[in-house]
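The values are calculated or read from the model by the stated rules, or taken from the named source; none is laboratory data. The model shown is predicted, which means the values in this text are computed figures rather than measured ones. Positions of Cβ are generated from backbone atoms using ideal geometry, with glycine treated the same way; all protein chains shown enter the neighbour counts.
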């Protein structure tokens, strides 16, 4: 999805900004100290505004300017409700992939330390819990802000699925999106 959006002339995604998940994890941890922080004048709004400013600055300065910016970091999707609050105009795309394929890819790329061939059952259960929570969060923030797309449907019906995404993002169609393999060299690379 990142590559498709990166090819669109009105969008710039760039590489995965790997700091987002860590910032959001720390932001969530700070909630355990909310009483102490508010005594110091640091409210939830202050923390949210500071976190949003940091994330926005990272995204903006990771590449050239564009009318639309995109942030591709699947691991930060577990913070969807927080991100939706911090960025009230943002839209989110949840790419769902068959669990077996997702886990196999994760193991092959060495992304998640708990996803290994030795504990495949644990990996499957973890994937199922995480994906279910992400689907719930996507539904919670609403259909005008979060779109779920199945990876396998995108592969089998690219025109139809890409059109859904562009309609959701209110972007015009561009034929280059159906020939993304010709333009992929102009986009940023995946992390791992």
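Within region 14-26, can one find any residue that is without any contact (Cβ under 8 Å) to a residue 60 or more places away in the chain, crowded, with 16+ Cβ neighbours inside 10 Å and closer than 28 Å to residue 177 by Cα? Within region 14-26 (the criterion being without any contact (Cβ under 8 Å) to a residue 60 or more places away in the chain, crowded, with 16+ Cβ neighbours inside 10 Å and closer than 28 Å to residue 177 by Cα), the answer is yes, since at least one residue qualifies. Could you check residue 137 against (1) at pLDDT 95 or above; (2) in contact with a helix residue (DSSP H, G or I) (Cβ under 9 Å, 6 or more places away or on another chain); (3) in a helix (DSSP H, G or I); (4) over 20 Å from residue 81 (Cβ atoms) and say which number it fails? All conditions are met except number (4). The set of residues in region 92-130 being assigned to a loop (DSSP other than H, G, I, E, B), at pLDDT below 90 and surrounded by 11 or more Cβ atoms within 10 Å (Cβ to Cβ) consists of 111, 112, 115, 116.
Count of region 163-192 residues, restricted to those that are modelled with pLDDT of 60 or more, within 21 Å of the chain's Cα centre (by Cα) and not in a helix (DSSP H, G or I), is 2.
Out of the residues in region 38-63 meeting the condition of being under 24 Å from residue 168 (Cβ atoms) and not in a helix (DSSP H, G or I), tell me which one is farthest from the chain's Cα centre (by Cα). Taking the candidates together, the pick is 63.
Scanning region 3-37 for residues that are modelled with pLDDT of 90 or more, out of contact with any strand residue (DSSP E or B) (no Cβ under 9 Å at 6 or more places or on another chain) and assigned to a loop (DSSP other than H, G, I, E, B) turns up 9, 19.
Looking at 96, 3, 42, which is the one that is out of contact with any helix residue (DSSP H, G or I) (no Cβ under 6 Å at 6 or more places or on another chain) and closer than 25 Å to residue 130 by Cβ?
96
Of everything in region 64-76 that's touching a helix residue (DSSP H, G or I) at 6+ places or on another chain (Cβ under 6 Å) and part of a helix (DSSP H, G or I), which residue is surrounded by the fewest Cβ atoms within 10 Å (Cβ to Cβ)?
Across region 64-76, the extreme among qualifying residues is 75.
For region 102-125, the set of residues classified as in contact (Cβ under 8 Å) with a residue 12 or more places away in the chain and within 14 Å of residue 74 (Cβ to Cβ) consists of 102, 103, 106, 109, 111, 115, listed by residue number.
As a summary of the residue check, residue 89 satisfies the conditions (1) at pLDDT 95 or above; (2) exposed (fewer than 15 other Cβ atoms within 10 Å of the Cβ); (3) not in a loop (DSSP other than H, G, I, E, B) except for the one numbered (3).
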